[in-house]
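Okay, so here's the structure we're looking at.
Computed from the coordinates by the stated procedures, all read-outs in this text should not be read as laboratory data. Since we're looking at a predicted model, the values are computed, not measured. Cβ placement follows ideal geometry from the backbone for every residue including glycine, while neighbour counts extend to all protein chains displayed.
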């Protein structure tokens with residue numbers, strides 16, 4: 001499969017790091033593009049983003065990348081984290097960078113576009129932008145962890161969101177927690 005993984009300037013670099021670590025770049029074509037603000041946030045939040053071998057990195061403004069054209073076939077694009085500013089630009093259809101143009105292409109070609117906002121609270125403007133993107137076919141997957149799996153570390157908490165992203169792009173992780181209806185057998189008797 002072929003993926004574009006992007007990051008914008010919201011807090012949550014750890015989500016990007018854990019997602020990159022769980023996609024096998026030797027089995028899948030993975031392209032990474034980060035906005036300048038994402039790089040600034042990453043420098044503040046981590047000791048350095050670890051880019052797995054095989055991941056192709058691209059500059060935010062390089063419009064010579066294949067994923068900015070509708071004629072190039074890609075399976076999914078994930079923007080994680082996705083700032084509300086970037087989400088708003090995508091909703092407005094601005095395409096003034098490779099990252100924003102790629103999101104526009106994924107929407108117009110009806111390809112899977114997954115936006116992972118981490119900001120809270122939302123304003124009414126944010127909510128309306130989210131609705132516009134949902135209506136356009138995007139998947140909005142807020143970085144809201146779950147606790148069914150009883151996470152024991154920060155990575156475990158983050159992974160509850162990453163597993164949902166992986167499910168959405170068609171790469172389920174065998175470690176992902178799956179809901180089991182423990183009482184179903186008892187109630188059937």
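Across region 1-23, what is the number of residues that are touching a residue at least 60 places away in the same chain (Cβ under 8 Å) and part of a helix (DSSP H, G or I)? Give the derivation first.
Going residue by residue through region 1-23, those that are touching a residue at least 60 places away in the same chain (Cβ under 8 Å) are 1-16, 18-19, 22-23.
Remaining after also requiring part of a helix (DSSP H, G or I): 13-16, 18-19, 22.
Going through region 1-23 one residue at a time, the tally reaches 7.
Evaluate region 133-144: report whether one residue or more is touching a residue at least 12 places away in the same chain (Cβ under 8 Å), in contact with a strand residue (DSSP E or B) (Cβ under 8 Å, 6 or more places away or on another chain) and more than 18 Å from residue 4 (Cβ to Cβ). Steps first, answer last, please.
Kept after step one, since they are touching a residue at least 12 places away in the same chain (Cβ under 8 Å), are these residues of region 133-144: 133, 136-144.
Among the residues that remain, those that are also in contact with a strand residue (DSSP E or B) (Cβ under 8 Å, 6 or more places away or on another chain) are: 133, 137-143.
If we keep only those that are more than 18 Å from residue 4 (Cβ to Cβ) too, we end up with 142-143.
Checking region 133-144: at least one residue is touching a residue at least 12 places away in the same chain (Cβ under 8 Å), in contact with a strand residue (DSSP E or B) (Cβ under 8 Å, 6 or more places away or on another chain) and more than 18 Å from residue 4 (Cβ to Cβ).
So, of the residues in region 51-68 that are part of a loop (DSSP other than H, G, I, E, B) and closer than 13 Å to residue 97 by Cα, which turns out to be nearest to the chain's Cα centre (by Cα)?
Taking region 51-68 first, the residues part of a loop (DSSP other than H, G, I, E, B) are 51-55, 59-65.
If we keep only those that are closer than 13 Å to residue 97 by Cα too, we end up with 59-65.
Values: 59: 18, 60: 16, 61: 19, 62: 20, 63: 21, 64: 22, 65: 19 Å.
Result: 60.
Looking for whichever is touching a strand residue (DSSP E or B) at 6+ places or on another chain (Cβ under 6 Å), under 22 Å from residue 2 (Cβ atoms) and outside any loop (DSSP other than H, G, I, E, B) here; the options are 105, 130, 162, 78. Which one fits? Before you say what the answer is, go through the steps one by one.
Details: 105 fails: touching a strand residue (DSSP E or B) at 6+ places or on another chain (Cβ under 6 Å); 130 fails: under 22 Å from residue 2 (Cβ atoms); 162 fails: touching a strand residue (DSSP E or B) at 6+ places or on another chain (Cβ under 6 Å).
Sole residue among the options that is touching a strand residue (DSSP E or B) at 6+ places or on another chain (Cβ under 6 Å), under 22 Å from residue 2 (Cβ atoms) and outside any loop (DSSP other than H, G, I, E, B): 78.
Could you tell me whether region 27-34 includes any residue that is under 16 Å from the mean Cα position of the chain (by Cα) and closer than 21 Å to residue 126 by Cα?
no
Could you check region 24-44 and list, in sequence order, the residues that are in a helix (DSSP H, G or I) and loosely packed, with under 14 Cβ neighbours inside 10 Å?
Passing the criteria: 36, 40, 43, 44.
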